[in-house]
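Peer 1: Would you mind keeping the following structure in view while I ask a few things?
The values are calculated or read from the model by the stated rules, or taken from the named source; none is laboratory data. In this text the structure is predicted, and so the values were computed from the model without any measurement. Here the Cβ is made from the backbone with ideal geometry for all residues, glycine too, and neighbour counts use every protein chain on show.
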């Protein structure tokens, strides 16, 4: 069975969704036969590459929120993350374009360490407040997750995986995914949002018990 996950590495709900899905997968009898593939999605694709801005200010402008509303939202998000064993430090976080980070995830997929790189970027951003926008930081994080520095540097410098990132984003659009996280289980069942583990487990079980054929690509019956 294959599970395709669309996410953005600056999306707090995506990290929560990843952990909740992993909880469900651990309880699923057939977890040894499940392949997980992470796909690219950008929440703020128009952000200038190579520049960052204050995340708090960005949220205030994008959603027309007051400083107090952002603080309250972040507090709720931090509490939600903590319930999944995740440590969030959102105050003072920077925002920016994640295209290069997604190129890194595409490279990681070809090297068989995609999940480790996804996890490292999430932890770097939400827990350690490290940059995932500049290439120097991305190379360092990638090496920590098991990739080769020269390999990463060349991929980012030459935009080797730009097409793969754009293809993922286009596929999400075709599936009707306007937000993330978005999961496609067994190429047939779509799950939108960071659902409770019980929901993921139910869909995983249904994918096994349902005798319907899988489609050629993700989202055959979303």
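Peer 1: For the stretch 98-116, give me the residue count where each residue is without any contact (Cβ under 8 Å) to a residue 12 or more places away in the chain and assigned to a helix (DSSP H, G or I).
Peer 2: Number satisfying all stated conditions: 1.
Peer 1: Can you name the number of the only condition in (1) more than 18 Å from the chain's Cα centre (by Cα); (2) over 25 Å from residue 20 (Cα atoms); (3) outside any helix (DSSP H, G or I) that residue 47 fails?
Peer 2: (1)
Peer 1: Separate question: What do you reckon, is residue 95 assigned to a loop (DSSP other than H, G, I, E, B) and touching a residue at least 24 places away in the same chain (Cβ under 8 Å)?
Peer 2: So residue 95 does not fit the description; no.
Peer 1: Mind listing whichever residues of the stretch 117-140 are assigned to a loop (DSSP other than H, G, I, E, B) and either more than 12 Å from residue 9 (Cβ to Cβ) or in contact (Cβ under 8 Å) with a residue 60 or more places away in the chain (or both)?
Peer 2: Residues satisfying the conditions are 127, 128, 129, 131, 132, 133, 134.
Peer 1: What are the pairs with Cβ atoms under 8 angstrom where one residue, in the stretch 57-74, is closer than 19 Å to residue 96 by Cα and the other, located anywhere, is loosely packed, with under 10 Cβ neighbours inside 10 Å and at pLDDT 95 or above? Sequence gap at least six, or different chains.
Peer 2: Filtered contacts from the stretch 57-74: 60/66.
Peer 1: Now for a different question. Taking the options 79, 57, 87, name whichever one is more than 21 Å from the chain's Cα centre (by Cα) and loosely packed, with under 14 Cβ neighbours inside 10 Å.
Peer 2: 57
Peer 1: Related question: Name the residue that is surrounded by the fewest Cβ atoms within 10 Å (Cβ to Cβ), counting only residues in the stretch 110-134 that are over 19 Å from residue 55 (Cα atoms) and out of contact with any strand residue (DSSP E or B) (no Cβ under 7 Å at 6 or more places or on another chain).
Peer 2: Here the residue is 112.
Peer 1: Taking the stretch 180-192 only, how many residues are over 21 Å from residue 122 (Cα atoms), outside any strand (DSSP E or B) and in contact with a strand residue (DSSP E or B) (Cβ under 9 Å, 6 or more places away or on another chain)?
Peer 2: Here the count works out to 2.
Peer 1: So, in the stretch 154-174, of the ones that are touching a residue at least 40 places away in the same chain (Cβ under 8 Å) and part of a loop (DSSP other than H, G, I, E, B), which residue ends up surrounded by the fewest Cβ atoms within 10 Å (Cβ to Cβ)?
Peer 2: 159
Peer 1: Hey, residue 177 hits all of (1) surrounded by 18 or more Cβ atoms within 10 Å (Cβ to Cβ); (2) in a loop (DSSP other than H, G, I, E, B); (3) over 18 Å from the mean Cα position of the chain (by Cα) but one; which does it fall short on?
Peer 2: It is condition (3) that residue 177 fails.
Peer 1: Let me ask something additional. Of everything in the stretch 26-51, what is surrounded by 17 or more Cβ atoms within 10 Å (Cβ to Cβ) and touching a strand residue (DSSP E or B) at 6+ places or on another chain (Cβ under 8 Å)? Give them in sequence order.
Peer 2: Residues satisfying the conditions are 36, 38, 39, 40, 41, 47.
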